Amino acid sequence: MSRPLPHPRRPRRTPLRAALTALALIVVGLTAPTIAPSTAAPAAPPAATPDLGERVIVFDPSMPTAEIRQQADAIWQQQVDAEMSEERWSLLFLPGTYGTPAEPLQIKVGYYTEVAGLGADPSDVVINGKVEVYNRCLTDGPRQPYCVALNNFWRSLSNLTIDVNGTGQDGCRASANFWATSQAASLRRVDVRGGNLSLMDYCTEGPQFASGGYLADSRAGTVINGSQQQWLTRNSEVANWSNGVWNQVFAGTIGAPSEANFPTEPYTTLDRTPLSREKPYLHLGADGDWQVRVPDVRTSSRGTSWAGGTTAGEDLPLSSFHVASPDQSAKEIAKALARGKNLLLTPGVYDVDRSLVIRRDDTVVLGLGHATLTAVGGATPVVVRPETTGVVVAGVTIDAGTRLSPNLMHVQGRPGRSGDRRPAAAAPTTTLNDVYFRVGGPHIGKADVSLRIDADDVLIDHAWVWRADHGIEDFTAGAVGDTDRWNTNIGRVGVVVDGDRVRATGLFVEHYQEFNTIWNGEQGEVVLYQNELPYDPPSQADWTRPDGTLGWAGYKVADDVRRHQLYGGGVYVFNRNDPSITTESGFEVPERSGVRLHHVLTVNLEAGSIEHVVNDTGARVDSDAPGIPSYVVDYPAP
């Protein structure tokens, strides 16, 4: 496999054209859906559409296919290169069938765009056609052509069925729905029929690299992994899985490949997912009312939550939510939480100058269209108070602001380092689904720690914690180079876990200036960890600890932790400022039998080196063999 190239920097994008605002909120002919939900009773006509803001578009199956395609394409045209923009979009589909084999509905998905069905089950919304992401061809790439998916971030697809048959596309594209993405681009509750699901775009001119990603609670036939460097598939069903690069992890997935030939075949496979809770989703109830389904917790689970019927869980009426908009102040939103309301964040960028504090058990905070909370004045945008339980935060991006924040999200607790053998709680105290953190990128960002977890029994289900390695061209008065970014884009640590029995399924943490993840709590468990060390230390002196150790590990388990497990982890290095920089080890853990790492690797991406994979075990990776991993199958060795 050709080695990957670094993420190129992109210029600031211009705002959406004023003409696009005419698309604002479009609801056409709220007729009864043509496909009934899978519940026994037929669906009632939908109630009046709530005001979800001018960046939510609700499509109805009676709307002509050409009109839907035209509106979706207008948004895609604006968002396809809008990596650092402030536009956010949610495209929602009422229950029914869209497109036909003769006139398929083909949609492309750009930055900060959510596409989701509004049925209770994925089968309630059927798209005859495709919902796709292709490679992005960059004019400022290191060579031309330069078409990759390395920067295809911040988009999502969920809760619908895609029937690929009869798409009418050319020979190369006809057989698959393409989802060529990298981090922060989840696929959830998707059923792909009549064709393949390809996680790379092999039809666009190369090099076609991708660095994702996440698939959960979904079903597909053949999945073409292709050039994806790492990927987590959780609680899904696949007929066949094709190819793997460095780190492909499966948990509770029917049809997953065997891990028996690791690392020749780079698969890590858990037969069951120890603990899961699917992301809440907006849908129409049987009476036509708008609701948010909050799925139940599952333990030792395998396959989708909807294979035997509608996903088990609780339906919350939309009236129980404060529907927030970006023009509302943080004070107003915080007051709604204090009054006991759940929170629905409509698409947009929110300035948060005080913490949004979650104090009530079972509170749900759900973002639409990649709603983004930006810290102002050094605030910590989201705080979950101690002893709170059953909280869910989902679909939210949290950005650092220009003044240093102590944390971007703080799940508070009273970590006692219990060290006992208490079992995990029956349900997570807090669940994070598709929660992303960003330090820098569209503007200067400063945060000491992005995600701090003090509470016990927290579940992280897909998080990208990113100190930006690229961003807009003009942070200050002149162009920002990597040396400037090291001094202005401040992110010391990505994730600090002090609570016990914290679990993560899909944890991506990148480019922080010291340890990327520090795990102090007992009985932690991680299924897939992906890390890139910072690209931009100016020199080895800047990347050396006070005690003289060369660099900080990408994953650090505290010396006094007695029990911890990691399944499938990778730490990558690309020291583009100074290729002579060395890091001692990718993973640093205490030497004891209760701390176990299964299937971990380090890899060089063209510059810099890592001496060992774990502690002093595992071969060095450097620019003599870029893209060739060094693997450790089990640590400590059995």
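Here, each number is a calculation from the coordinates, and none is a lab measurement. These numbers come from a predicted model, not from an experiment. Every residue, glycine as well, gets a Cβ built from its backbone with ideal geometry; the counts of neighbours run over all protein chains shown.
Ordering Met200, Asn151, Gln248 by the projection of their Cα atoms onto the charge dipole of the stretch 18-273, which places +1 on the Cβ of Lys and Arg and -1 on the Cβ of Asp and Glu, puts Gln248 at the extreme positive end.
What you get for the stretch 347-532, charging only the Cβ of Lys and Arg (+1) and of Asp and Glu (-1), is a dipole of about 460 debye around the Cα centre.
Rounded, prolate or oblate for the stretch 18-273? Axes are the square roots of the Cα gyration tensor eigenvalues, ordered a ≥ b ≥ c, and the cut-off for rounded is a/c under 1.5.
Values: a/c = 1.88, a/b = 1.29, b/c = 1.46.
Oblate.
The value obtained for the chain, namely the Cα convex hull volume divided by the number of residues, is 138 Å³ per residue. When a/c reaches 1.5 or more, the comparison of a/b and b/c decides; with that in mind, is the stretch 304-453 rounded, prolate or oblate per its Cα gyration tensor? Here the stretch 304-453 falls in the oblate category.
Give me the Kirkwood hydrodynamic radius of the stretch 347-532 in Å, from all C-alpha pairs, to one decimal place? Numbers along the way, then the final one.
Working: mean 1/r = 0.0608 Å⁻¹.
So the Kirkwood estimate lands at 16.5 Å.
Restricting to DSSP H runs of at least four residues, report the calculated mean residue ellipticity at 222 nm for the chain, -39500 (n - 2.57) per run over all residues, nearest 500 deg cm²/dmol.
Working: 3 runs with 31 residues, N = 638.
Helices in the chain give a 222 nm mean residue ellipticity of -1500 deg cm²/dmol.
Using the average count of surrounding beta-carbon atoms within 10 Å as a protection proxy, the listed peptides 450-460, 272-282 rank, highest first, as 450-460, 272-282.
Work out how much length Ile254 to Ala47 would gain on full extension: take 0.36 nm times their residue separation and subtract the Cα-Cα distance, in nm to one decimal. List each step's numbers first, then the result.
Working: separation 207, 0.36 × 207 = 74.52 nm, distance 3.74 nm.
Residue separation times 0.36 nm, minus the Cα-Cα distance, leaves 70.8 nm.
The alpha-carbon of Lys331 sits under 19 angstrom from the alpha-carbons of these lysines, leaving out residues fewer than 8 places away in its chain: Lys341. Only the Cβ atoms of Lys and Arg (+1) and of Asp and Glu (-1) were treated as charged; on that basis the dipole of the chain about its Cα centre amounts to roughly 660 debye.
When the chain is fully extended, how far beyond the present Cα-Cα distance does Thr402 get from Ser319, taking 0.36 nm per residue of separation? Present the calculation step by step, with values, prior to reporting the outcome.
On the way: separation 83, 0.36 × 83 = 29.88 nm, distance 3.55 nm.
That works out to 26.3 nm of additional length.
Percent of C-alpha pairs per 10 Å bin in the stretch 47-133, short distances first: 17, 51, 29, 4. For Lys108, a cut-off of 17 angstrom between C-alpha atoms picks up these lysines, skipping any fewer than 8 places away in its own chain: Lys130. Partners of Lys335 within straight-line reach, counting lysines whose Cα lies under 30 Å from its Cα and excluding those fewer than 8 residues away in the same chain: Lys279, Lys446.
Distance between the C-alpha centres of the stretch 569-638 and the stretch 243-310: 29 Å, rounded to the whole angstrom. When peptides 144-157, 350-363, 536-549 are ranked by their average number of other Cβ atoms within 10 Å per residue, the highest-first order is 144-157, 350-363, 536-549.
Working from Cα positions, state the angle (0 to 90°, nearest 10) between the long axis of helix 65-79 and the longest principal axis of the chain. Its long axis makes an angle of about 30 degrees. Taking 0.36 nm per residue of sequence separation and removing the Cα-Cα distance, the Arg596/Ala338 pair yields an extension gain of 88.7 nm.
Counting only Cβ charges, +1 for Lys and Arg and -1 for Asp and Glu, the dipole size of the stretch 18-273 around its Cα centre is about 260 debye.
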